[in-house]
Each structure stands twice: as C-alpha cells, then as structure tokens.
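Okay, so here's the structure we're looking at.
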Amino acid sequence: MTIKVILLILFFGSMVAVGLYSRKHATNVNDFVLGGRSVGPWLTAFAYGTSYFSAVVFVGYAGQFGWKYGVSSTWIGLGNAIIGSLLAWVVLGRRTRVMTKHLQAATMPDYFGKRFDSHTMRVVASAIVFVFLVPYTASIYNGLSRLFGLAFDIPYAVCVIAMAALTGAYVILGGYMATAINDFIQGIIMLIGIVAVVLAVLSGQGGFMEAMRKLSEIPSDVPATAGQMGAFSSFFGTDPLNLLGVVILTSLGTWGLPQMVHKFYAIKSEKAVTTGTVISTLFAVVISGGCYFMGGFGRLFDDPSFHGPDGSIIYDGIVPHMLSTLPDILMGIVIVLVLSASMSTLSSLVLTSASTLTLDFLPRKTFRKIGEKRQLLFMRVLILVFIAVSVILALDPPTFIAQLMGISWGALAGAFLAPFLYGLYWKGVTRAGVWASFITGIGITVTNMFFHYIASPINAGAIAMVVGFIVVPAVSLVSPKIERETVDNIFRCYDVEVEATTKKVLPEEKESWKVRT
C-alpha cells in the first residue's frame, strides 16, 4: 500500500506542477485551445496516442474482446496502429493542419462551419460533440474506478470525484499545452507499464508457450465455432466477421473523433507531421497491441467474481481480476498506467467539449465582445460544467464500459468522419451531403439504442461510418453546389509554390525549378 500511495502522490504532483508551468502558455483563447499551433511532433504524437487509449481500452475492450476472440483480438491493436494511427496521420495530418490554419478553424465544428459556409452547421456539430462526448467521459471514470477499488478499497464515487477534480485542475490551469506535456509524461509511463504487465501476466501462466497451450484446450462457446478446440488461440479467432467490425470502429473511427483530429490542428509544422506519424504508430503498436494481446488470455483467469447472477460475463471485471494477483510494485505500476491512460484521454475530451461549446455553440458576436480574459474565464467555467455532467452520469453508469464507448464513437465518427475526410480532398462536397451524414450517423446509432436492430453497438457504429462514406458523395452529386469561388479560395491553401535548386532536381538541369505542392 505504501508503494502504491507514493507512486500516486508523485503522479498527481507532477500533473499539477505541469498545469502551473503551462499557465503562462494559456493567456489567450488560441493558446488555451491550440497551444498557439506550436506543439512539436513528440508532444503531438504522444497526445494523439494517449488520447486514443484509455481505461476503456485497457479495462473494458481488452477484457471484452479478449474473452470473445482470444489472442486474435490482437488484430484490433494492430488495426489501431496501422489504420487508426499510421494511415490517419498520412491521410489527415498534413491536409488538416494546412486547411484548418488557412480557415483559422480551432475546432471540428468550426471547420465544418467555415469549410461549408454554414453557421447552423457549426452550431449543430458543436451540440453533437458535447452530447456524445459525455458518455465517453463517463466510461473512462467507470473503468479507472474499478481498478482503484481493487487496489485501495476506495468507494467508487470517491474515485470518480477525485479523478475529475485533478483533471479539471491542470486543464483549467494550462489548457492544451498542459494536456500535451502531461500526455507525454503519461505516455512514457504507459509504455513501460504495459510491457511489464504483459510479461507478468504470461509469467503467471508458465510463459507464452504454456499459456497458448492452455488456451488451445478451451472449447469455443461462440455460436459460429461452438465446441471447437483451439479457436481462442487461432489466427482469426472465433468470429472473424464481428472482429472486423470492432477493428473498423476502433481504428477508422478515430478519424472522425474531434478530440483526435484536434491534435493535427495544433502541430507545429507540416514537417513535424512526418516525425509524428512514426512516433504515433510505434506507440500504438506497443500500447494497443499489448492491451488486446494480454486480454486474449482472459479465459485462463476465469473466476466467479466477474460472472453475474444469471451467469453472464461482467467484462469490466476480467482485466482487474487478471491483475489482482500481481506483486504490489507491479500493481502500483498498473494503477499509474491506467490512471495515465485515463487522465490523458479525459483531459482531451474535457478541453474539446468545453472549447467547441464556447467557440461554436454560443453566439460569436456576443462572445467576442466580452474580451479575451473573460472568454478564457467562461471557457474554464464550461470545463467545470462538462466535468460535473459527466461525473453525474458516471456515478450511475450502464452495465459495462464498452456499451458507452461504442455509442459515443459510433455517433461521432458516423456523423463526422465522411464529411470531414471528403471535405479535405474533394471540392464537390455539398452542405446537403454533410447534413445527410450527420442525420444517418446519429440516426443509426441512437435508434439502435432503443430498437436493437443491430445486435452490437460496436457494429452499429461501424455501419454508421460506412453509410456516411456512401451518402456524402451520393447526396453531393445531386444537391446544389457551394459557390465555385468560395471553394477555390479554400483549396488554394494547398497550392504553395516551392523553389528547388539544381542540387535537388535532375543533374542535367541548370535552372531552378518551381514545383507545386
């Protein structure tokens, strides 16, 4: 207990210290929300990765999908690294940085409003962000509090309130820069922690080969492979089709999440995007791959403690039970690891939600008249409001974490992903095409909550994203176009002339060349 307490005190102290240090970098709205668009590649890459992976992944998803699919759930982690990190940075990174700076857009709703010349669209998008980030935030409190209860025997409500207060403190003090620096520190803790935990879990089962042998002897209880031996230790697992749905939602879904895309707004330069791409991808391989790989061995730790009265599995209890037998020092590392993952994501969600509500939902003319200092004060007050609302929901949460995250990710990514991506590359996207994506993304996710015509909220979210990619071009081709001059002015940001000397082009050329990028 002493070790755990010391580690927590050091962790909490460093987070608050960073918030106090970063206070000088948050003197106006631009610095508070975007860090002055001067955040380097290492801080941005770690901020992206730590915002991506939270207690929802470590406790909820790793336990749930590891139990369902065995070690093949590692594909989810690899999908997160390749699609959710590598391709996201390659496809979105540079273009998002260039266009949002050109438009002077600070948030995703602000981007929609300026890219498609619609104030109403900006207001509606900000409302969607605020509403659907609340359940995601609540799911993070839920996952972390389960581990805290296991390690310290602290009541759930106390854990939720303490975590909310600490996160609110350093976000309110230092804004985006405080979250970016703390994300870097937390990311290093996560890298060290996940490696140590995976090795300890496998060691407790006699090593990797012995653990795989034990897993291969467990018969499948999934309808598609019922009774089959070795399904949980196989390459594609028990249910490849549903596994693919999880990979799509948790990997491609990040492309449409405002708290993730926001990292590209704030990166220092286009050159920094290249470095950030490599760092972010490697980070995801270790963290996400490690989490799902560890969760794949969950059936070796089967215990009545995470079985409900009706025999159903309480997925949130699987990983905490797997870790309950670890030595004190490793348990302390686990607590700090999950705390790091959770608080980095939580701070990003809080800042994103409060900033979009302040800058996009409220009347702009009224907001600008109150002055820079009052704008910052108002934004900080809204951060407190958002935290309070999410805490209230977290104190009486649904059955398990993944349900909350699936609804949130599905709604946001289903509504935003297709129009955001098309809007960066295609001049032909219309306002009607964007509205169609908003309606189908939210419509599919919300109606499925009540009617359950799609069995899993995870699959519902994946379907909502796919539908968005179809309806945006389909509606845009038959609906009124945005004024040609307006669109051309927006896309002119990509047409920058660069001079290259003869050393950089073909040797036989003597004159400098001008190329367009």
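Every read-out reported here was derived from the displayed coordinates using simple, explicitly stated rules and does not represent laboratory data. Please read these numbers as outputs of a predicted model, since none were measured by experiment. Methodologically, a virtual Cβ is constructed for each residue, glycine included, from the backbone with ideal geometry; neighbour enumeration extends over all protein chains shown.
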Computed for the chain: size of charge dipole around the Cα centre, +1 on C-beta of each Lys and Arg, -1 on C-beta of each Asp and Glu, debye to nearest 20, value 1860
Computed over the chain, Kirkwood Rh from alpha-carbon pairs, angstrom: 23.5
Given R₀ = 22 Å, FRET efficiency for L377-V16 by Cβ-Cβ distance, to 0.05? 0.65
On the formula 1/(1 + (r/R0)^6), with r taken between the Cβ atoms of V90 and N28 and R0 of 25 Å, the FRET efficiency rounded to 0.05 is 0.20
Of L7, V487, V33, which is farthest along the charge dipole of the chain in the positive direction, counting Lys and Arg as +1 and Asp and Glu as -1 at C-beta? V487
How much length is gained if the chain between A226 and T2 is pulled fully straight, taking 0.36 nm per residue apart and subtracting their Cα-Cα distance, in nm to one decimal? 76.0 nm
Arranged from highest to lowest average of other beta-carbon atoms within 10 Å per residue, in what order do the peptides 284-290, 59-65 appear? 59-65, 284-290
Using a 10 Å cut-off on Cβ atoms, rank the peptides 432-439, 479-486 from the highest mean neighbour count down. 432-439, 479-486
For the range 452-463, in residue order, the Karplus 3J(HN,Hα) values (coefficients 6.51, -1.76, 1.60; θ = phi - 60°; whole Hz; Gly and Pro = x) are 6, 6, 10, 4, 10, x, 5, 5, 4, x, 5, 5
Using a Förster distance of 25 angstrom, determine the FRET efficiency expected from the C-beta separation of I329 and R213, and round it to 0.05. 0.30
The value for the range 282-323 (convex hull of the alpha-carbon atoms, volume per residue, Å³) is 64
Please provide three numbers in whole Å: the alpha-carbon extents of the range 244-291 along the principal axes, with the largest listed first. 34, 23, 13
How long is the gain from E485 to V158 if the chain were fully straight, where each residue apart is worth 0.36 nm and the alpha carbon distance is subtracted? 112.1 nm
Computed from every Cα-Cα pair in the range 105-264, P(r) in 5 Å bins starting at 0 and rounded to whole percents is 1, 7, 8, 11, 15, 15, 14, 11, 8, 5, 3, 1, 0
Run the quick spin-label model on F469 and H102: label points 7 Å from Cα toward the beta carbon, then report their separation in nm to one decimal. 2.5
Which entries of K101/K373; K271/K427; K268/K373; K68/K263; K373/K427; K24/K427 show an alpha-carbon separation above 29 angstrom in the structure shown? K68/K263; K373/K427; K24/K427
